[in-house]
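Quick notes on the structure that follows.
Readers should treat all values here as calculations from the given coordinates under stated rules, not as data from a laboratory. Because the structure is predicted, anything quoted here is derived from the model rather than measured. Methodologically, a virtual Cβ is constructed for each residue, glycine included, from the backbone with ideal geometry; neighbour enumeration extends over all protein chains shown.
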Amino acid sequence: MVSDARPPEPGDSKPRQADWSRAPERSNMLALRIICAIAILFGRPLTRLILHPISVYFLLFSPTQRRHIKRYLFRAIGPHAGWADGYRLLHAFASTVLDRLYFLRGRMDLFDIRVYGNIPVEVEVKAGRGAFMLGAHVGSFEALGACKHRAAAPADLRPAMLMYPDNARQINAVLNAISLPELRPHVIALGRPHSMLALRDWLDGGGLAGLLADRTLAGPEEAGQQRGSSIEVSFLGQPALFNDGPFRLAALLRRKVFFMAGLYVGGDRYDVLFEPLADFSERIGDPVERERRIRAALEAYVARLEALCRAYPYNWFNFHDFWLEDPH
């Protein structure tokens, strides 16, 4: 069930940033359908046994992704990182993809979901103001949607996901086909002419807009981004590009921004974390001050992501040339 985008081909004349949004996914539709059928018929404990050979297969036969995983783990946990660590990362990824199926089928009874820091989010939701939820390719976004069914979360929590729907189309199609309609996350498609209006209306209705902000966009004018720039920030001891578009968008729409993560702790447990990140709810008249606050919010986001990668190194699922070290 492992699915990930491949890095751009050498010789690409575009600016040096990984164009993951248009890269083909590594999935087989028949295999996905078979695994989903096994998961439904035989349950989570038995299906999890299949994840071991799947993880080993991708570790052995995906040299490009293995190279990127090695670079990341060296920086997250040190030069002692080895094959076992790469396997643990891939197995955690496969586990979250499998669990996504059960989340979307309403099987919350299979999981121990613990929610932390949700009170400030509840305040925004109950006031009907909406807010941005900035996450990363860490753990599971579906755990965020599932937590609204727990006692620790407000019943009217309405998360929407800002994403490129054309990426990972195969696995999304399979999971949507077998999920309960009321549990499918609402998606606001990026790269569409109506993206900005749809996002504004969703926020004005008190909804939460989730965005995974640890991948730079293919260009500065993608719909759903407020002409963000790729900013070089130190991440795990090495310069990396992060896009400040989500923060510019939050400043434009005057919303608060929260950091979110649905961490896979292992077994059946997920820890869902919320943390205040930036407050753009008041108009910022001074352009210099606005730029300073946007930069500060971006740096705070990267610092929080770095801390999570060190504390939970097997939860970050970016299997492409994140630091742009491959020859181009």
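Once phi is turned into θ = phi - 60°, what whole-Hz ³J(HN,Hα) does the Karplus curve with 6.51, -1.76 and 1.60 give for every residue of the range 124-141, x standing for Gly and Pro?
Coupling constants for the range 124-141: 5, 5, 5, 7, x, 8, x, 6, 8, 10, 9, x, 8, 7, 10, x, 9, 6 Hz.
By average Cβ neighbour count within 10 Å, what is the ranking of 186-197, 272-283 from highest down?
Numbers: 186-197: 15.7, 272-283: 17.2.
Sorting 186-197, 272-283 by mean packing, highest first, produces 272-283, 186-197.
Among rounded, prolate and oblate, which fits the range 38-117 when a ≥ b ≥ c are the square roots of the eigenvalues of its C-alpha gyration tensor, a/c under 1.5 means rounded, and a/b larger than b/c means prolate?
oblate
Using the Cα gyration tensor of the range 29-165, with a ≥ b ≥ c the square roots of its eigenvalues, what is the shape: rounded (a/c below 1.5), prolate (a/b larger than b/c) or oblate (neither)?
Values: a/c = 2.31, a/b = 1.45, b/c = 1.59.
Oblate, since a/c reaches 1.5 and b/c is not below a/b.
Just to check, using Stokes-Einstein with a Kirkwood Rh over alpha carbon pairs, what's the diffusion coefficient of the range 275-319 at 37 °C and 0.692 mPa s in µm²/s? List each step's numbers first, then the result.
Numbers: Rh = 12.3 Å.
My calculation gives 267 µm²/s for D.
Of the peptides 260-267, 123-130, how do they stack up when ordered by the mean number of other Cβ atoms within 10 Å, highest first?
Going by the mean number of other Cβ atoms within 10 Å, highest first, we get 260-267, 123-130.
What Kirkwood hydrodynamic radius do you get for the range 234-312 when you take the inverse of the mean 1/r over all pairs of distinct Cα atoms, in Å? The partial results should precede the final answer.
Working: mean 1/r = 0.0718 Å⁻¹.
One decimal place: 13.9 Å for the Kirkwood radius.
Output the peptides 80-86, 246-252, 300-306, 112-118 sorted from most to least packed, where packing is the average of other Cβ atoms within 10 Å over each peptide's residues.
Values: 80-86: 14.1, 246-252: 23.1, 300-306: 19.0, 112-118: 16.7.
By packing density, highest mean first, the sequence is 246-252, 300-306, 112-118, 80-86.
Got a sec to turn the phi values of the range 108-120 into Karplus ³J(HN,Hα) couplings, 6.51 cos²θ - 1.76 cosθ + 1.60 with θ = phi - 60°, whole Hz, x for Gly and Pro?
After applying 6.51 cos²θ - 1.76 cosθ + 1.60, I find 5, 5, 7, 10, 9, 9, 10, 10, 10, x, 7, 4, x Hz.
Taking amide H positions as placed in the peptide plane 1.01 Å from N, state which residues far from residue 133 in sequence (5 or more) or on other chains have amide H under 5 Å from it.
The list, which skips near neighbours in sequence, is 209, 210, 211, 258.
Taking amide H positions as placed in the peptide plane 1.01 Å from N, state which residues far from residue 235 in sequence (5 or more) or on other chains have amide H under 5 Å from it.
240
Given axes a ≥ b ≥ c from the Cα gyration tensor, I'd like to know whether the range 176-328 is rounded (a/c under 1.5), prolate (a/b larger than b/c) or oblate.
Details: a/c = 1.40, a/b = 1.05, b/c = 1.33.
Taking the square roots of the gyration eigenvalues as a ≥ b ≥ c, the range 176-328 is rounded.
Within 14 Å, Cβ to Cβ, of residue 284, how many net charges do the neighbouring residues add up to if Lys/Arg are +1 and Asp/Glu are -1?
Values: positive: 248, 254, 255, 256, 283, 290, 292, 293, 295; negative: 279, 282, 286, 289, 291.
With Lys, Arg at +1 and Asp, Glu at -1, the net is +4.
What are the ³J(HN,Hα) values, in whole Hz, obtained from phi via the Karplus relation 6.51 cos²θ - 1.76 cosθ + 1.60 with θ = phi - 60°, for each residue of the range 34-47 in sequence order, with x given for Gly and Pro?
5, 5, 5, 5, 4, 4, 6, 6, 10, x, 5, x, 5, 5
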